[in-house]
1. Hey, what do the phi angles of the stretch 71-87 turn into as Karplus ³J(HN,Hα) couplings, whole Hz, using 6.51/-1.76/1.60 and θ = phi - 60°, x for Gly and Pro?
2. On full extension of the chain, what length is gained from ILE211 through ARG89, given 0.36 nm per residue of separation minus the C-alpha to C-alpha distance?
3. For the stretch 126-217, what is the Kirkwood hydrodynamic radius in Å, using each pair of distinct C-alpha atoms?
4. Working from the pairwise distances between different alpha carbons, so that the mean of 1/r is found and then inverted, what is the stretch 103-163's Kirkwood radius in Å?
5. Once R0 is set to 35 Å, what does the formula 1/(1 + (r/R0)^6) return for the Cβ-Cβ distance between ARG161 and ARG194, expressed as a FRET efficiency to the nearest 0.05?
6. Among the trypsin sites (Lys or Arg not before Pro) within the stretch 128-189, which fall in a DSSP loop and have no more than 16 other Cβ atoms within 10 Å of their own Cβ?
7. Which order do CYS81, CYS112 take when ranked by solvent-accessible area (1.4 Å probe, heavy atoms of all protein chains), largest first?
8. Percent of Cα-Cα pairs per 5 Å bin, from 0 to the last occupied bin, for the chain, please list those.
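The values are calculated or read from the model by the stated rules, or taken from the named source; none is laboratory data. None of these values were measured; they are calculated from a predicted model. Here the Cβ positions follow ideal geometry from the backbone for every residue, glycine too, while neighbour counts run over all protein chains shown. Quick note on the areas: whole protein, heavy atoms, side chains included, nothing else; ligands and nucleic acids left out. Shrake-Rupley method; radii C 1.70, N 1.55, O 1.52, S 1.80 Å.
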Amino acid sequence: MSESDGTMTMTPDACARACGPRGDARRRAILDAAWTLFLEKGFERTTLGDIIALSGGSRSTLYEQFGDKDGLFETAIMLKCSEFIERMRQIPLDGGDPERTLTEFGMNFTECVLSPESPKFLRLLIASGDQFPQVIDAFFQGAPDAVRQILSDYLREATVRGQLRVTDPDHAATTFLGFLHGDQHLKMLLRPERLATPEELKKFVEGVVRIFLDGVR
């Protein structure tokens, strides 16, 4: 259980154990509906009635599993962070060719952070930052920091294998991820209708990887 402003809400792990398959399916339906509405309407304009109508769930189930709209919002954000981290962890960062490995990592990363959903997600975080500072802190610890650590571990291991020459893997990982954001991230926020095509993204990532490897190989 977790406590926020005096309201008790179930943690995802505790809920999964308590709900069973049918309860877990209802919980996921509520989360998916809430996420869709939060992105479309924002936190303030989304009502519990909207979420219940879209998910087909009940108010009692929502209160039982999330406590209130605040608890539902926090859980939805953390779920999306977990899904992003898990996707990055599934990339095979083995002893193969660093250029191939970093390109695959970069493509997965940019496909997530430069997706059509990303501008709405970032605006949602910005708009809700003052109300949910703990969510923003958890987001940074749960997504950017975790992904940076995954990449840093790979760079450290590649250096041990003699494939790369990285004296500060943490700083190098931060630099590489910064390259991947580039001006693409700003364009995504200001002109989301002009998102890069898959072909443009691939060309961009390949260029970033070549420049980065010039400095560490």
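1. Per residue, the Karplus-derived 3J(HN,Hα) values read x, 5, 4, 4, 5, 5, 4, 5, 5, 5, 4, 4, 5, 5, 4, 5, 4 Hz.
2. Working: separation 122, 0.36 × 122 = 43.92 nm, distance 2.38 nm.
Contour length minus Cα-Cα distance gives 41.5 nm.
3. Values: mean 1/r = 0.0660 Å⁻¹.
Over the stretch 126-217, the inverse of the mean reciprocal pair distance is 15.1 Å.
4. Working: mean 1/r = 0.0740 Å⁻¹.
Hydrodynamic radius (Kirkwood, Cα pairs) of the stretch 103-163 is 13.5 Å.
5. Values: r = 40 Å, r/R0 = 1.15.
With a Förster radius of 35 Å, E is 0.30.
6. Values: sites: ARG148, ARG156, ARG161, ARG165, LYS187; in loops: ARG161, ARG165.
For trypsin sites (Lys or Arg not before Pro) across the stretch 128-189 that sit outside H, G, I, E and B with at most 16 neighbouring Cβ atoms in 10 Å, the list reads ARG161, ARG165.
7. On the way: CYS81 10, CYS112 30 Å².
Result, largest first: CYS112, CYS81.
8. Pair shares across the bins are 1, 6, 13, 16, 16, 14, 11, 10, 7, 4, 1, 0.
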